[in-house]
Each structure stands twice: as C-alpha cells, then as structure tokens.
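A short reminder: the numbers here are calculations on the coordinates, not readings from a lab. Computed from a prediction, not measured in an experiment: that's the story for all the values here. Cβ atoms come from the backbone with ideal geometry, glycine included; neighbour counts cover every protein chain shown.
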Amino acid sequence: MRPEHIEPGEKSIGEDCWLTEYPVSRSNREILADVPRDSKKPPNFSMLAKVAIDKDGKITHLRVLRLGHSNAPNWKEINNSVLNDVKRWHYKPTMYQGKPVAVCSDVSVIVHLH
C-alpha cells in the first residue's frame, strides 16, 4: 500500500515529525532524561537531535536522539550547554511554491572540548 501523498504544510509540524510530545519549551533536564546513556560505548563527539521548524524558521519541537560525550564525567553540563544553544537557533524559512512551510530536520552538533 502506497503512503498517502502529503504536501508540505498540510499537517501540523509536530504531527509530521512525531514530535508532538517534545516541545522546545521543556526543560533541558526533561529533554535529557529521555535519552538513554551508555557510558560503556565509545564516545560520541556530537549530539544528534530531530527538530521541527515552523514556517518562520523557529524551532518548535526538539528530541535528542544521541548525547554528545555521554561517557564524560560532565556529560550533563556538556549536553545542557548544547541544548541551550540549539533552542536559540533560528533558520531561514524553507520555501515551497513561493510560500514558507514548516519542516523537520535531523541536526548533528559536534562538541569540541578544550
């Protein structure tokens, strides 16, 4: 069975990205609590997240899929800092047929520790 064709902007962005339960207004503590942490795996130097971006370019929903530096002793502070930055990002609106539309995106944030 073929999936139904949906033009961009026809559904709400939260529904399109399956991120309805992950509004960007949640606290960083709540956001990070959803992400499994495996300190035995090799270190990841980047945080991976899925974001919903509204037609004005503002991030409305965010879900962290992978923590950065999850095996570092200060992993919470590192990821908290990254989240604070990501929540402030603003994108140039995506255009479809001359109109701004909401979009979903996966973002990877590389974290360099000094």
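Across every direction, the projection of the convex hull enclosing the Cα atoms of the range 47-112 has a mean area of 4.4 nm². Taking packing as the residue-averaged number of other Cβ atoms within 10 angstrom, the listed peptides 44-57, 92-105 run from highest to lowest as 44-57, 92-105. Placing pseudo-labels 7 Å out from each Cα toward the beta carbon at Asp34 and Lys99 gives an inter-label distance of 2.8 nm.
Structural descriptor for the range 49-111: relative contact order 48 percent, calculated from alpha carbon pairs under 8 angstrom and at least 6 residues apart.
Database remark: amide H of Lys55 closer than 5 angstrom to the amide H of Ala102 (H placed geometrically; neighbours at sequence offset of 5 or more, or on other chains; Pro and chain starts carry no H).
Quick one: which of 79-87, 62-70 comes out on top by average Cβ neighbours within 10 Å, and what's the full order, highest first?
Per-residue Cβ counts within 10 Å, averaged per peptide and sorted highest first, yield 62-70, 79-87.
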